[in-house]
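For reference, the structure discussed in these notes is given below.
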Amino acid sequence: MRIGVAYADVAQPVWLRIEVPDDATVQQAIELSGILQTFPQIDLETQKVGIFGKVTKLDAPLKPGDRVEIYRAIICDPTQVPRRDGGGDDDED
């Protein structure tokens, strides 16, 4: 079956489309994609993974068309980042 594997590295975001066996798990898809060789800093023991934005386990089964995502650790304190006001033009009266 065909699935995608995504990793948003700071310098080089990656989106791979690969073929995996019909009974593949998230971990198997990540390993088969070759992404661990390209990004040796990925640590599946500590980093979260997900399917279409929902955190899941490495042994979760995949369905055709799934997008496996490898999440990076948060590197800043979200409470210290300025909030965006949602767009809009500040010059309007």
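Quick check, is LYS54 modelled with pLDDT of 95 or more, loosely packed, with under 10 Cβ neighbours inside 10 Å and of a type outside the set (Ser, Thr, Tyr)?
yes
Just give me the residues in the range 13-40 being β-branched (Val, Ile, Thr) and free of Cβ contacts under 8 Å to residues at least 12 places away in the same chain, in sequence order.
Of everything in the range 13-40, nothing turns out to be β-branched (Val, Ile, Thr) and free of Cβ contacts under 8 Å to residues at least 12 places away in the same chain.
So that you can scan it fast, the table gives a plain yes or no per residue for (1) in a helix (DSSP H, G or I); (2) modelled with pLDDT of 95 or more:
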{"position": "ALA6", "(1), (2)": "no, yes"}
{"position": "ALA11", "(1), (2)": "no, no"}
{"position": "ILE18", "(1), (2)": "no, yes"}
{"position": "LEU32", "(1), (2)": "yes, yes"}
{"position": "ILE42", "(1), (2)": "no, no"}
{"position": "THR46", "(1), (2)": "no, no"}
{"position": "ASP59", "(1), (2)": "no, yes"}
{"position": "ALA73", "(1), (2)": "no, no"}
{"position": "THR79", "(1), (2)": "yes, no"}
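Which of the residues spanning the range 1-18 are surrounded by 10 or more Cβ atoms within 10 Å (Cβ to Cβ) and either of a type in the set (A, V, I, L, M, F, W, C) or over 17 Å from GLN37 (Cβ atoms) (or both)?
Once the filter is applied, which keeps residues that are surrounded by 10 or more Cβ atoms within 10 Å (Cβ to Cβ) and either of a type in the set (A, V, I, L, M, F, W, C) or over 17 Å from GLN37 (Cβ atoms) (or both), the range 1-18 yields MET1, ARG2, ILE3, GLY4, VAL5, ALA6, ALA8, VAL14, TRP15, LEU16, ARG17, ILE18.
Select from the range 7-29 the residues that are more than 16 Å from PRO64 (Cβ to Cβ) and touching a strand residue (DSSP E or B) at 6+ places or on another chain (Cβ under 6 Å) and list them in ascending order.
Residues of the range 7-29 that are more than 16 Å from PRO64 (Cβ to Cβ), as a first pass: 7-15, 27.
Listed by number, the residues that qualify are TYR7, VAL14, TRP15.
Looking at the range 2-13, which of the residues that are among the aliphatic types (A, V, I, L, M) and under 9 Å from the mean Cα position of the chain (by Cα) is farthest from PRO61 (Cα to Cα)?
ALA8
Within the range 32-47, can you find the residues that are closer than 19 Å to LEU62 by Cα and more than 14 Å from the chain's Cα centre (by Cα)?
Correct list: LEU32, GLY34.
The values are calculated or read from the model by the stated rules, or taken from the named source; none is laboratory data. Because the structure is a prediction, the values reported are computed rather than measured. Neighbour counts run over all protein chains shown; Cβ positions are idealised from the backbone, glycine included.
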